[in-house]
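Data block below; observations after.
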């Protein structure tokens, strides 16, 4: 199960880094890809901030994947990070700020990873491991 957790963490980290890079480098193109309105300067700043947060989280999740038991706090962080995005996207959908065609893939990806993290989480770790 630990190997599966490692692979899941690495995959989630890579996706986070790639998304972060897109948000930082291509905020205007993102609006075209996701059928959203043109961003003003403040929204571009927020996009870059969110992108940089995703890059940082992705890097540390990948680093923690080398030894998930030793870095169990980062495994917990990965779970919270995925759930944060699930709640954030669900809130945006419920409030009508975004529609499913814009954020549905983010919702699905984060739900899948949150479930995988819970499945592969080392619930019973022996003392001294």
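The values are calculated or read from the model by the stated rules, or taken from the named source; none is laboratory data. Note that this is a predicted model, so its numbers are computed, not measured. Because the Cβ atoms are built from the backbone with ideal geometry, glycine has one as well, and the counts that use them run over all protein chains shown.
When the range 76-95 is examined, which residues are found to be over 11 Å from the mean Cα position of the chain (by Cα) and either exposed (fewer than 14 other Cβ atoms within 10 Å of the Cβ) or outside any helix (DSSP H, G or I) (or both)? Once the filter is applied, which keeps residues that are over 11 Å from the mean Cα position of the chain (by Cα) and either exposed (fewer than 14 other Cβ atoms within 10 Å of the Cβ) or outside any helix (DSSP H, G or I) (or both), the range 76-95 yields 76, 87, 91, 94, 95.
Okay, residues lined up against (1) under 15 Å from the mean Cα position of the chain (by Cα); (2) at pLDDT 95 or above; (3) in a helix (DSSP H, G or I):
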| residue | (1), (2), (3) |
| --- | --- |
| 28 | no, no, yes |
| 53 | yes, yes, yes |
| 57 | yes, yes, yes |
| 97 | no, no, no |
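Residue check: residue 106 meets all listed conditions (1) at pLDDT below 95; (2) part of a loop (DSSP other than H, G, I, E, B) but one, namely (2).
Okay, residues lined up against (1) assigned to a helix (DSSP H, G or I); (2) over 12 Å from the mean Cα position of the chain (by Cα); (3) surrounded by 17 or more Cβ atoms within 10 Å (Cβ to Cβ); (4) on the phi > 0 side of the Ramachandran plot:
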position	(1), (2), (3), (4)
32	yes, yes, no, no
39	no, yes, no, no
47	yes, yes, yes, no
66	no, yes, no, no
70	no, yes, no, no
74	yes, yes, yes, no
102	yes, yes, yes, no
116	yes, yes, yes, no
122	no, yes, no, no
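Within the range 51-64, being crowded, with 17+ Cβ neighbours inside 10 Å and under 23 Å from residue 108 (Cβ atoms) holds for 51, 54, 55, 57, 58, 61, 62.
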